[in-house]
Amino acid sequence: MAFTPDAELELLFDPALIPESVKADLPDDLHIRPVASTDLNRGQFDVLNVLTPSPKPTPEAYRSHFELLRTINASTISLGLPPTYVTLVILNKADDRIVATGSVIMERKFIRGLNLVGHIEDIAVDKAVQGKRLGFRVVTTLTQISENLGAYKTILDCHEDN
């Protein structure tokens, strides 16, 4: 599959939320962007299965779930608030396949002046590219996004073994 530019995709959130410094620091053969409505076909669940058993949904179920998350994001943005769901992927440009993924969920709190907490979850890296610090890049990028969206803290939710 040929590499698909961001402009040709339906993305979960505005790619401008990903700091330019992150994009510039990636090797030339990799690309980082928000998860897209068509990423089911790019191996998203193959990568997630490295983390935990993640059965591949039907295309219809995937699309429905993607649209739900995008609708929630659009709703919060229309209120002048940051998006709730920020899932990003790193792709190998040579075959347009996902090699790493992760999410930060922006929780709206009653404490600390009705502020935000970012919860980083589901960090997964394809076994073929582990050891190249892609998981670290995903976590640091999601942390930067969370902080830029106004979170007073960002929590990495993970299992001890990971």
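Just list whichever of Lys23/Lys93; Lys23/Lys153; Lys56/Lys127; Lys56/Lys93; Lys127/Lys153; Lys23/Lys127 have alpha carbons separated by over 25 Å in the model shown.
Lys127/Lys153
Could you work out the equivalent-ellipsoid semi-axes for segment 1-75, taking the square root of 5 times each eigenvalue of the Cα gyration tensor, largest first, in whole Å?
For segment 1-75, the semi-axes come out at 22, 17, 12 Å.
Please report the relative contact order for segment 73-162, taking Cα pairs under 8 Å with a sequence separation of at least 6, and give it as a percent rounded to a whole number.
Working: 148 pairs, mean separation 21.7, N = 90.
So the answer I get is 24 percent.
Out of segment 100-162, which chymotrypsin sites (Phe, Trp or Tyr not before Pro) are coil in DSSP terms and have no more than 11 other C-beta atoms within 10 Å?
Qualifying residues, ordered by number: Phe110.
May I ask for the net charge around Asn49, where only other residues with Cβ less than 12 Å from the Cβ of Asn49 are counted and Lys, Arg are +1 while Asp, Glu are -1?
Values: positive: Lys56, Lys127; negative: Asp46, Asp122, Asp126.
Local charge sum for Asn49: -1.
Calculate how steeply helix 59-78 sits against the longest principal axis of the alpha-carbon atoms of the chain, using the helix alpha-carbon long axis, and give the answer as 0 to 90 degrees to the nearest 10.
That works out to roughly 30 degrees.
If you bin the C-alpha pair distances of the chain every 5 Å from 0, what whole percents do you get?
1, 9, 18, 23, 22, 16, 8, 3, 1, 0
Can you tell me, using C-alpha contacts under 8 Å and at least 6 residues apart, the relative contact order of the chain as a whole percent?
Computed value for the chain: 23 percent relative contact order.
On a 0 to 90° scale, report how tilted helix 134-148 is relative to the longest principal axis of the chain, with both axes built from alpha carbons and the result rounded to the nearest 10.
Helix 134-148 sits roughly 30 degrees off the main axis of the chain.
Looking at the calculated P(r) for segment 60-146, what percent of the C-alpha pair distances fall above 20 Å? List each step's numbers first, then the result.
Values: 1669 of 3741 pairs.
When every Cα pair of segment 60-146 is considered, 45 percent fall beyond 20 Å.
Pick out, in residue order, every one of the trypsin sites (Lys or Arg not before Pro) in segment 1-110 that is DSSP loop and has at most 16 other C-beta atoms within 10 Å; say none if there are none.
Those satisfying the criteria are Lys93, Lys109.
May I ask for the net charge around Met1, where only other residues with Cβ less than 14 Å from the Cβ of Met1 are counted and Lys, Arg are +1 while Asp, Glu are -1?
Details: positive: Arg42, Lys93, Arg97; negative: Glu8, Asp39, Asp46, Asp95, Asp96.
Its environment carries a net charge of -2.
What net charge is computed for the residues neighbouring Glu121, neighbours being all others with C-beta under 14 Å from the C-beta of Glu121, Lys and Arg scored +1, Asp and Glu -1?
-3
Only the coordinates and a few stated rules stand behind these numbers; no lab work does. Please read these numbers as outputs of a predicted model, since none were measured by experiment. Here the Cβ is made from the backbone with ideal geometry for all residues, glycine too, and neighbour counts use every protein chain on show.
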